[in-house]
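Q: Mind having a look at this structure? Questions to follow.
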Amino acid sequence: MDSETNQLVILTGPNMAGKSTYLRQIGLITVLAQMGSWVPAESATIGIVDRLFTRVGASDSTNRSLVLLDEIGRGTATFDGLAIAWAVSEHIHEGGAKPLTVFATHYHELTELEAILPRVKNYSIEVKEYGDEIVFLKRVKEGPSDRSYGIHVGRLAGLPDRVVRRAKEILANLEAGEWSADQVPTLATGELAPKAAQGPSAQISLIAAEAKPDPLVEALSELDLDAMTPREAQTWLYHWRKRILPRGSQD
């Protein structure tokens, strides 16, 4: 991790996969390194850390601080919690200081921050799927978890099959429309959003602009194919090829 390109890690993975354990491991190893102790690794390069914060914001942190966040936003309504987690992540990234931060979360939507904020990186706890079963590999890899696996974990906990199937349907409905027409995460837009998150258009119109009809489509729709001779059809095709293709590519 560094303050220029890899400041804020969004760590995703299912329940019981080891996210919280990974955070504690980072904190303990960092403290051990600061006091000159051995650390459990074949080799390690650990910079100076002046303070270690857990489950806090970054208003009093410095460039050399280490911030470990575990499930910020949980314990309240889902949308409220996700909104808080997203805003805290932006604040850490956009604030004056650039503390190194690892944020373990079940809010898979936060992985979209990597697409719009330059110093955010996604990591995840590896999971292996075997049909409807999952195995926790206890390894961390670069890149986001492809999903939260919450329904899989619910199945392991004994949810009835009908409930599991219905939960999958509802999840698919919720995940549809997660990105705006400008290919910006819908959670990222707004007047207070960082400039990097606003995308080509800072505000998305609620009324889609009326698409201009394609002249070729209009011409096709007006054709009376049954009344055309083969020669007329060929002439029509030559005419539209000449209009559509650039010069030099029609031979």
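The values are calculated or read from the model by the stated rules, or taken from the named source; none is laboratory data. Model, not experiment: these values are computed from the prediction. Reconstructed Cβ throughout: ideal geometry from the backbone, glycine too, with neighbour counts over all protein chains shown. Surface accessibility is based on the protein's heavy atoms, side chains included, excluding ligands, DNA and RNA. Shrake-Rupley method; radii C 1.70, N 1.55, O 1.52, S 1.80 Å.
Q: On full extension of the chain, what length is gained from Thr5 through Leu171, given 0.36 nm per residue of separation minus the C-alpha to C-alpha distance?
A: This chain segment gains 56.5 nm when fully extended.
Q: Within region 31-128, report the GluC sites (Glu not before Pro) that DSSP leaves as loop and that have at most 11 other Cβ atoms within 10 Å.
A: Within region 31-128, the qualifying GluC sites (Glu not before Pro) (loop, at most 11 other Cβ atoms within 10 Å) are Glu42.
Q: Amide H to amide H under 5 Å from Met228: which residues, 5+ apart in sequence or cross-chain, H placed 1.01 Å off N in plane?
A: none
Q: For region 148-162, what does the Karplus curve 6.51 cos²θ - 1.76 cosθ + 1.60, with θ = phi - 60°, yield as ³J(HN,Hα) per residue in whole Hz, taken in order and with x for Gly and Pro?
A: Karplus-based 3J(HN,Hα) across region 148-162 equals 7, 6, x, 5, 4, 5, x, 5, 4, 7, x, 4, x, 4, 4 Hz.
Q: While we're looking at this one, here's another question. By accessible area of protein heavy atoms, probe 1.4 Å, what ranking do Phe79, Phe53 get, highest first?
A: Ranked from most to least accessible, the order is Phe79, Phe53.
Q: Still on this structure: Just reorder His108, His91, His152 by solvent-accessible area, largest first, 1.4 Å probe, all chains present.
A: Most to least solvent-accessible, the answer reads His91, His108, His152.
Q: Label region 1-149 by shape, choosing from rounded, prolate and oblate, from the square roots a ≥ b ≥ c of the eigenvalues of the Cα gyration tensor; if a/c is under 1.5 it is rounded, and otherwise prolate applies when a/b is larger than b/c, oblate when it is not.
A: Here region 1-149 falls in the oblate category.
Q: Further question on the same structure: In region 63-130, what percent of the accessible surface is made up of carbon and sulfur (1.4 Å probe, ligands and nucleic acids excluded)?
A: 51
Q: With a 1.4 Å probe and all protein chains kept in place, how much accessible area does Ser221 have, in Å² rounded to the nearest 10?
A: 90
Q: Rg/Rh for region 100-179 to two decimals, with Rh computed the Kirkwood way over all alpha-carbon pairs.
A: 1.00
Q: Given the protein chains as shown and a 1.4 Å probe, how many square angstrom of Val135 are accessible, to the nearest 10?
A: 60
Q: Over all alpha-carbon pairs of region 124-171, lay out the pair-distance distribution in 5 Å bins, whole %, shortest bin first.
A: Result returned by the calculation: 5, 18, 30, 22, 14, 8, 2.
Q: Put Arg119, Arg155 in order of accessible area, largest first, 1.4 Å probe: what do you get?
A: Sorted descending by solvent-accessible area, the residues read Arg155, Arg119.
Q: Under a straight-distance cross-link criterion of Cα-Cα below 12 Å, which aspartates and glutamates are reachable from Lys141, leaving out those fewer than 8 residues away in the same chain?
A: Reachable aspartates and glutamates: Glu126.
Q: Show me, for region 109-115, the HN-Hα J-couplings you get by feeding each phi into the Karplus relation (A = 6.51, B = -1.76, C = 1.60, θ = phi - 60°), rounded to Hz, glycine and proline as x.
A: 4, 5, 5, 5, 4, 4, 6
Q: Take the residue pairs Lys168/Lys195; Lys19/Lys168; Lys121/Lys168 and return only those whose Cα atoms are more than 32 Å apart.
A: Lys168/Lys195
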